[in-house]
Amino acid sequence: MSANQEMAVRYKNNFLKEVEQQVEMGEWVKMCMQCGVCSGSCPTNFHPGWEHPPQEIFMMIRAGKREEVLTSPSMWMCTSCYNCIVRCPRKLPITHIMHGLAEYAYELGLAPKVQPTRNLSKLFWSNATKTGRINELTFSLGMYFKDAEGKINIGQGIKKGLEMQKVALGLLKAKRLNPFEIFGGHKCKDQKGIHAMLAKAYALESKRKGRHVG
Amino acid sequence: MAKRQYAFYPGCSSQKGASASNYLTSVESMCKTLDIQLTEIPDWNCCGASISYAEAGELPRHVMNARNFALAEANLPGQDIVATCAACWLGAKESKERIEHSSQLMADTQEALKEAGLQIKVMPEIRHMAEVLVEDFGFEELGRHVKNPLQGLKFAGYVGCQTNRPFGIAGENFENPMYLDKIVETMGGEAVPYDQKVTCCGGALAFSEPDKAQAQIKDIVEAAYDGGAEMIVTPCPLCQANVEIYQGHINKKYGTKFNIPVLYYSQLMTIAYGGSAKEAGLNGQVIRAPKLEAIAK
């Protein structure tokens, strides 16, 4: 059984309960009073808007729309500006709930495959945890040379590279982009310790949430 | 001994040859004047920023930050951690709050840290450099060191998101924080009226959703011009980079003629404190700031 099927069976038709137990800060969802201030405060909910803005997602969770919520590209539109958090009259940690829903959808394999921010998120974390520090050069190249599904796409990389040529040259000239970072660059000394620590953290989190390990 | 000592968390973007290396140059110059000693946390790691959620989950993200707390506490006991990057500060501060709030999370964090031979005994305070300036020094004290006031220069104080929300600088208003304008004025410059001072630049989505991010950056730059600003000033490395480097793309897309320098508060302060253009890292601007260079000693 896939992780998704397992969770669907475990929580039967109670998607709110599933969100409360599995999603970061999910226990706050039931506090939403549908005022819509979050949606009106979101910088990316315009030109064009989210498929389902946050307050709509909260209502959909309560209505048990599991598939529609978890497969939505909406949560991946969050820029982490925290406007919704500071304006919410009920003090819901909306930014964190959006990140949490995205993480859970990703974990279950339901997140949209063609979603650039999903790949950005994955790439950032794997780049950061590989050596303990972000390598801005390999991170940027990774963004340009991988398509929205996360596969290497040389044609797209060259096209994006050309688009970004002036920007890159400007940064090179200002000594804010170092081509030698391709050979490794900045990193932590105790990478072994970091990797062991993260492996333990993943194992503990899976155990605590009753998720599949691995 | 320096007057004030802090455990320094420079963050990935401030490293040599990285996108905010000029920020670090100016911070070091500014700190010299203010007699601040920043000691880098040995072997510090990335905070995970606010974009790594897909695979980072909760605990892995928090233990990355906890590792820095443990290293700071073990090597620089009693010193507050000071971050210059808005995202580093936010990520670390958020992890600290979460871990302190939950005994389960604290226990799990300690268990994971053990794998790296570390533990948290005392949780250090996590502060942004702007907090240090405003709270530990105060505007009056900051103003005392001004030797070369930024007379006649007009700045749009672009605060952005992550030094302002969700935590913010104590006593500030989320919708209209004043600390950056006050720094500009303390340095002798003019802070112009600026209605996009807390608008999001798109953050990491400048990479993945460039059209959306650039639409926001366009508003941010346009409002600076509308207010009569000659330069934009910000406390955040990602705000700085996004607002500066995409102006060419925006010009092409929208037919605008944007070419406004985007600086760090620490660069303004370095110049106002009598530092050179080089000490302020002004050679690190993609869009050069000739008016600031001209008055630099």
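Only the coordinates and a few stated rules stand behind these numbers; no lab work does. These numbers come from a predicted model, not from an experiment. Cβ coordinates were reconstructed from backbone atoms using ideal geometry, including for glycine residues, and neighbour counts include every protein chain displayed.
Determine, for B:81, B:245, the number of other Cβ atoms within 10 Å of each Cβ, and report the residues in order from fewest to most.
B:245, B:81
With 10 angstrom as the radius, rank A:175, B:121, B:114, B:212 by how many other C-beta atoms surround their C-beta, starting from the fewest. Kindly include the intermediate steps, with their values, before the conclusion.
Numbers: A:175 16, B:121 10, B:114 13, B:212 20.
Starting with the residue having the fewest Cβ neighbours, the order is B:121, B:114, A:175, B:212.
Residues in region A:9-29 near a label at residue A:67, defined as backbone nitrogen under 18 Å from the 7 Å Cα→Cβ point?
A:9-16
Other chains' Cβ within 10 Å of B:11-20 residues: what's the mean?
Other-chain Cβ atoms within 10 Å of each residue's Cβ, averaged: 6.
Let me know the mean shielding of B:206-214 by other chains, meaning the per-residue number of their Cβ atoms within 10 Å of its Cβ.
5
List residues of region A:156-179, by number, whose backbone nitrogen lies under 13 Å from a label position 7 Å along Cα→C-beta of residue B:16.
A:178
What are the equivalent ellipsoid semi-axes of the protein assembly as shown, built from the alpha-carbon gyration tensor (square roots of five times its eigenvalues), in whole angstrom, biggest first?
Three semi-axes, in Å: 36, 26, 22.
Please work out how much length the chain gains when fully extended from residue B:175 to residue B:211, using 0.36 nm per residue of separation minus the C-alpha to C-alpha distance, in nm with one decimal.
10.5 nm
Please find the FRET efficiency linking residue A:27 to residue A:195, where r is the Cβ-Cβ separation and R0 is fixed at 41 Å, and quote it to the nearest 0.05.
Numbers: r = 31 Å, r/R0 = 0.76.
The formula returns an efficiency of 0.85 here.
Determine, for each peptide in B:217-229, A:139-151, the mean count of other beta carbons within 10 angstrom over its residues, then list the peptides with the highest first.
B:217-229, A:139-151
At 15 angstrom or more along the helix axis (alpha-carbon based) and mean Kyte-Doolittle of -0.5 or higher, what helices does chain A contain? Whole DSSP H runs only.
Once both thresholds are applied, what remains is A:94-107.
Could you calculate the FRET efficiency of residue A:180 with residue A:113 from 1/(1 + (r/R0)^6), where r is the beta carbon distance between them and R0 is 25 Å, rounded to 0.05?
After rounding, the FRET efficiency stands at 0.15.
Exposure proxy check: A:24, A:181, A:51 ranked by fewest other beta carbons within 10 Å?
The fewest-first ordering by Cβ neighbours comes to A:51, A:181, A:24.
Just to be sure I understand the model, the point goes 7 Å from the Cα along the line to the Cβ. What's the resulting residue B:278 to residue A:6 distance in nm?
6.1
Need the full-extension length gain, residue A:168 to residue A:148, defined as separation in residues times 0.36 nm minus the C-alpha distance. One decimal, nm.
Extra length from residue A:168 to residue A:148 when fully extended: 5.0 nm.
Which value in nm describes the separation of the simple spin-label points at residue B:123 and residue B:225, placed 7 Å from the Cα toward the beta carbon?
For the pair residue B:123/residue B:225, the computed spacing is 4.7 nm.
Quick one: putting +1 on the C-beta of Lys and Arg, -1 on the C-beta of Asp and Glu, what dipole do you get for chain A around its Cα centre, in Debye to the nearest 20?
For this selection, approximately 580 debye.
Summarise the partner chain shielding of B:215-227 as one whole number: the mean count of Cβ atoms from other chains within 10 Å of each residue's Cβ.
1
Give the lysines whose C-alpha is closer than 27 Å to that of residue B:212, dropping any in the same chain fewer than 8 places away, or say none.
Residue B:212 reaches A:91, A:113, A:122, A:146, A:151, A:159, A:160, A:166, B:197, B:252, B:253, B:257.
With a/c under 1.5 counting as rounded, go ahead and sort region A:116-202 into rounded, prolate or oblate using the C-alpha gyration tensor (a ≥ b ≥ c being the square roots of the eigenvalues; past the cut-off, prolate if a/b is larger than b/c, else oblate).
In terms of gyration-tensor shape, oblate.
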